[in-house]
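Enquirer: The structure is given below, and queries will be raised subsequently.
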Amino acid sequence: MKQFMTSLKVILFGFIIISLTLLTGIIFQQNKSQKLLLESSNENKHALAFRYSDAGTIYSREMTKLAYSENQQRKYSENPEVARSFVQIIGDYTHNIGNTIEAAYQDRLIGSGRPWHRQLVLDFTGKGMSGDDIALTISSELNLAAQNSLAGSAGSVVILNYETGEILCAVSTPNTYPENVVAWQNIPTSALFNRSFNSEYSPGSTFKVVTGTAWSKSNTYDPNYAMTCTGREPLLGPGSVFENRTGGSHGYINMQGAYEISCNHFFGDVGLKASFDNMEETAEEFGFNKEIRLGKLYAKTGEYQAVEDEYLLTWQAIGQPIDTNELSTSTLHLAMLGGAIANDGVMMQPYLINHFIDPSGNDYDYTEKEVFSEISSQADVSSIKNDLISTVNQGMASNASIYGYSVGGKTGTAESVNDTGELQVNSLYTGFIDDPQFPYAIGIVVENGHFDTPSIASNLLSLAMQIN
Ligand SMILES: [Zn+2]
């Protein structure tokens with residue numbers, strides 16, 4: 001009996017050794033094959049096409065195929081207009097556009113870079129060399145509608161869920177078809193630039209959301225404060241903010257009224273009351289001067305540096321930069337801004353990958369929600385939220401209303417330098433639905449003209465509510 005047990009131990013020990021050798025061998029082989037795959041490419045188009053010949057699928061929110069490999073070929077959405085609406089996010093297999101899913105997640109799509117224990121199980125089932133699929137949070141239906149709503153203008157739209165941070169829609173125009181990117185032809189100027197994530201627009205009056213919040217944190221804050229708007233007469237004298245409108249002054253006005261009609265005097269005044277440091281601190285609580293990581297992709301928020309000059313601060317307080325770099329925002333950031341107000345001062349980390357799917361069909365690696373930034377609890381965010389709702393109910397953003405729902409928002413118009421270095425006027429919007437079932441926020445920029453961005457917001461958010 002004793003001898004039998006000893007033999008059994010020897011057999012068991014031998015078995016463990018053999019298993020370990022097998023494991024090591026498989027891991028070694030897997031690493032070697034991945035390395036060979038990467039080396040064989042040498043970054044030329046033919047090799048890249050070969051590399052992606054059996055790569056994983058990229059799915060939209062509706063699980064429609066945005067990129068997939070079939071008959072050894074990499075293909076993009078069957079609907080060319082959907083493909084176009086995603087081009088700066090999906091990219092293409094030649095990696096002609098960086099900062100895209102195809103480029104940044106190449107390893108996952110061709111079957112490397114997944115967690116080792118998952119790789120091991122797949123190797124044992126003979127599926128280790130196949131790539132993962134990627135399920136995005138972005139809806140192809142919403143993207144298509146947003147692209148149509150820009151109606152040929154340059155601009156961008158981002159919709160997100162402000163409670164989770166999921167990006168539901170992100171479109172940037174002009175854009176082009178993936179086939180043009182692969183062939184490197186017929187690409188309109190700036191069509192590969194992702195305005196949704198990396199633009200730097202002057203925020204204009206959308207920035208009054210930050211100014212009002214900063215003031216609400218200061219010890220000069222009084223929710224009943226009112227002052228007299230003096231129209232074209234500058235607030236502090238020549239060089240300070242004034243009302244650039246022909247209709248005279250706004251008269252005696254409080255914060256709610258000032259949001260509704262976008263009074264420059266009021267926000268110049270309370271910006272001064274808020275103080276330089278508090279303005280900058282609050283802007284940073286709203287995510288200014290921070291980089292956003294969208295998994296392996298990157299995006300911009302905005303930039304704000306307080307200028308220690310009272311006259312200039314009155315301009316910054318209404319969202320007009322003194323210098324091109326001192327005050328800017330991206331379209332994604334505009335959506336995050338409205339979302340943070342709706343979400344009681346909590347700005348969620350945005351994301352666009354919902355999860356991965358391994359070659360055995362297992363969903364894994366779900367993105368978990370996390371906080372990106374928080375507005376100080378001293379701020380009266382609920383007042384600002386109510387003011388933005390009344391801006392839609394009875395103010396300048398009334399076209400953003402959605403029947404039966406509480407909607408808030410703020411418009412902005414601002415001059416920015418365009419692709420060719422010329423000054424142009426852009427129309428901006430930040431807004432949200434105040435509803436626990438539909439916690440959606442939107443950021444819109446339409447370049448070069450005065451556009452009805454609140455109507456675009458109403459249409460797209462209504463559609464988002466149907467898609468869910
Ligand atoms: Zn005014």
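The values are calculated or read from the model by the stated rules, or taken from the named source; none is laboratory data. In this text the structure is predicted, and so the values were computed from the model without any measurement. Please note: Cβ atoms are built from the backbone with ideal geometry, for glycine as well, and neighbour counts cover all protein chains shown.
Enquirer: Working only within the stretch 59-81, note down all residues that are surrounded by 21 or more Cβ atoms within 10 Å (Cβ to Cβ) and not in a strand (DSSP E or B).
Expert: Ser60, Arg61, Ser77
Enquirer: So Leu272 clears everything in (1) aliphatic (A, V, I, L, M); (2) away from the ligand (no atom under 16 Å from the Cβ); (3) farther than 30 Å from Thr176 by Cα except one condition, right? Which one?
Expert: (2)
Enquirer: Looking at the stretch 212-238 only, could you name the residues that are within 10 Å of the ligand (Cβ to nearest atom) and aliphatic (A, V, I, L, M)?
Expert: Met227, Leu235
Enquirer: Could you tell me which numbered condition Ile322 fails, if it satisfies all but one of (1) touching an Asp or Glu at 6+ places or on another chain (Cβ under 9 Å); (2) among the β-branched types (Val, Ile, Thr); (3) at pLDDT 95 or above?
Expert: Every condition holds for Ile322 apart from (3).
Enquirer: In addition: Take Asn254 and decide whether it is at pLDDT 95 or above, closer than 30 Å to Asn79 by Cβ and surrounded by 14 or more Cβ atoms within 10 Å (Cβ to Cβ).
Expert: Criteria not met by Asn254.
Enquirer: Note down all Cβ pairs under 9 Å where the first residue falls in the stretch 158-186 and is touching a residue at least 40 places away in the same chain (Cβ under 8 Å) and among the aromatic types (Phe, Trp, Tyr), the second is buried (at least 23 other Cβ atoms within 10 Å of the Cβ) and part of a loop (DSSP other than H, G, I, E, B), and they're at least six residues apart or on different chains.
Expert: Taking only residues 6 or more apart or on different chains, the pairs are Tyr162/Asn343.
Enquirer: Name the single residue, out of those in the stretch 247-267 being small (Gly, Ala, Ser) and over 29 Å from the mean Cα position of the chain (by Cα), that is nearest to the ligand (Cβ to nearest atom).
Expert: Restricting to residues being small (Gly, Ala, Ser) and over 29 Å from the mean Cα position of the chain (by Cα), the top hit is Ser249.
Enquirer: Mind checking which pairs have a first residue in the stretch 262-280 that is among the acidic types (Asp, Glu) and a second that is near the ligand (Cβ under 10 Å from one of its atoms), Cβ under 6 Å, 6 or more apart or different chains?
Expert: What qualifies is Asp269/Met227.
Enquirer: Still on this structure, I have one more. When you go through Ser139, Ser130 one by one, which is the residue that is of a type in the set (Ser, Thr, Tyr) and buried (at least 19 other Cβ atoms within 10 Å of the Cβ)?
Expert: Result: Ser139 is the single residue among Ser139, Ser130 that is of a type in the set (Ser, Thr, Tyr) and buried (at least 19 other Cβ atoms within 10 Å of the Cβ).
Enquirer: Among the residues that make up the stretch 286-294, is at least one of them more than 16 Å from the ligand (Cβ to nearest atom), within 24 Å of Val392 (Cα to Cα), surrounded by 19 or more Cβ atoms within 10 Å (Cβ to Cβ) and within 24 Å of the chain's Cα centre (by Cα)?
Expert: yes
Enquirer: Suppose we keep only residues that are touching a Ser or Thr at 6+ places or on another chain (Cβ under 7 Å) and more than 23 Å from Ile384 (Cα to Cα) within the stretch 208-234. Which one would you say is surrounded by the fewest Cβ atoms within 10 Å (Cβ to Cβ)?
Expert: Thr230
Enquirer: When the stretch 415-468 is examined, which residues are found to be in a strand (DSSP E or B), within 16 Å of the chain's Cα centre (by Cα) and closer than 19 Å to Ala342 by Cβ?
Expert: Passing the criteria: Leu428, Tyr429, Thr430, Gly431, Phe432, Tyr440, Ala441, Ile442, Gly443, Ile444.
Enquirer: Then there's this: What single numbered condition from (1) out of contact with any helix residue (DSSP H, G or I) (no Cβ under 6 Å at 6 or more places or on another chain); (2) surrounded by fewer than 23 Cβ atoms within 10 Å (Cβ to Cβ); (3) over 17 Å from Leu337 (Cα atoms) fails to hold for Cys263?
Expert: (2)
Enquirer: Tell me the residue from Val209, Val241 that is over 30 Å from Phe86 (Cβ atoms), touching a residue at least 40 places away in the same chain (Cβ under 8 Å) and either within 11 Å of the ligand (Cβ to nearest atom) or hydrophobic (A, V, I, L, M, F, W, C) (or both), please.
Expert: Going through Val209, Val241 in turn, just one is over 30 Å from Phe86 (Cβ atoms), touching a residue at least 40 places away in the same chain (Cβ under 8 Å) and either within 11 Å of the ligand (Cβ to nearest atom) or hydrophobic (A, V, I, L, M, F, W, C) (or both): Val241.
Enquirer: Now for a different question. Could you tell me how many of the residues in the stretch 192-204 are surrounded by fewer than 24 Cβ atoms within 10 Å (Cβ to Cβ) and either out of contact with any helix residue (DSSP H, G or I) (no Cβ under 8 Å at 6 or more places or on another chain) or closer than 19 Å to Asn343 by Cβ (or both)?
Expert: Result for the stretch 192-204: 2.
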